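Derivation of every value follows stated rules applied to the coordinates shown; laboratory data play no part. Everything numeric in this text was worked out from a predicted model, so none of it was measured. With ideal geometry, Cβ positions are generated from the backbone for all residues, glycine too; neighbour counts draw on all protein chains shown.
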């Protein structure tokens, strides 16, 4: 029970750190964080689109974040590093945030989801799924769910740990929309499973591209 309790506590701390960094580093294009604890230090790697904003002038921003890790989350000897996102279209949180912002600007939901999943797959993903739930039409319309899915995407078992996932909420004028984006990264190896190349359906292949990457 002691081991299980410690495991749950560690997961909760990681979740709280991730939410904190997402809020603090929003303008830096925060995507995700990896935390690795060792007997000596705690390595915290933050992935963003603009590393310069995280480091700050003379390192003042990253020093402030390091102090917060110690005080707010009781992390002993945190070592924070910053990594630049290599491909924004393969980062679920960045994709979800882009969709959220586009919906708030009034972009058509179906066209947007089709074009985004097309871009994800064209960037080498082995599988992807985008789910939007809420009032997807004009004011007065009923809430509904819209889902687009392509490629290999496991739904159960330990292999689901190989799928990157993010959830974001969009707030257009006509009501909140929950967004979930799941992506299987290029080169992911699934045990006893051969993933075939995906042919885009005509409806998605015909979808135009979205605005330039943020």
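Applying 1/(1 + (r/R0)^6) with R0 = 41 Å to the Cβ-Cβ distance of residue 203 and residue 143, what FRET efficiency is obtained, to the nearest 0.05?
0.95
Looking at the chain as a GNM with Cα springs under 10 Å, which of 156, 128, 64 has the largest mean-square fluctuation?
The residue that fluctuates most here is 156.
Restricting to the chain, compute how many DSSP beta bridges are antiparallel as a %, nearest 5.
Around 80 percent antiparallel, to the nearest 5.
So how tilted is helix 2-24 from the main axis of the chain? Cα-based, degrees 0 to 90, rounded to 10.
Rounded to the nearest ten degrees, it is 70.
Could you work out the helix-only [θ] at 222 nm for the chain, with each DSSP H run of four or more residues adding -39,500 (n - 2.57) and the total divided by the number of residues, to the nearest 500 deg cm²/dmol?
Working: 6 runs with 73 residues, N = 214.
Theoretical 222 nm ellipticity from helices: -10500 deg cm²/dmol.
Fewest first, what order do 121, 12, 146 take by the number of other Cβ atoms within 10 Å?
If I rank by nearby Cβ atoms, fewest first, I get 12, 146, 121.
Which entry in (i) 1.39; (ii) 1.01; (iii) 1.12 matches Cα Rg over 2.2 N^0.38 Å derived from the coordinates of this structure?
Working out Cα Rg over 2.2 N^0.38 Å from the coordinates points to (iii).
Using alpha carbons only, how many degrees (0 to 90, rounded to 10) separate the axis of helix 109-122 from the longest principal axis of the chain?
The helix 109-122 is inclined about 70 degrees to the chain.
On a 0 to 90 degree scale, rounded to 10, what angle separates helix 92-104 from the longest Cα axis of the chain?
Roughly 50 degrees, rounded to the nearest 10.
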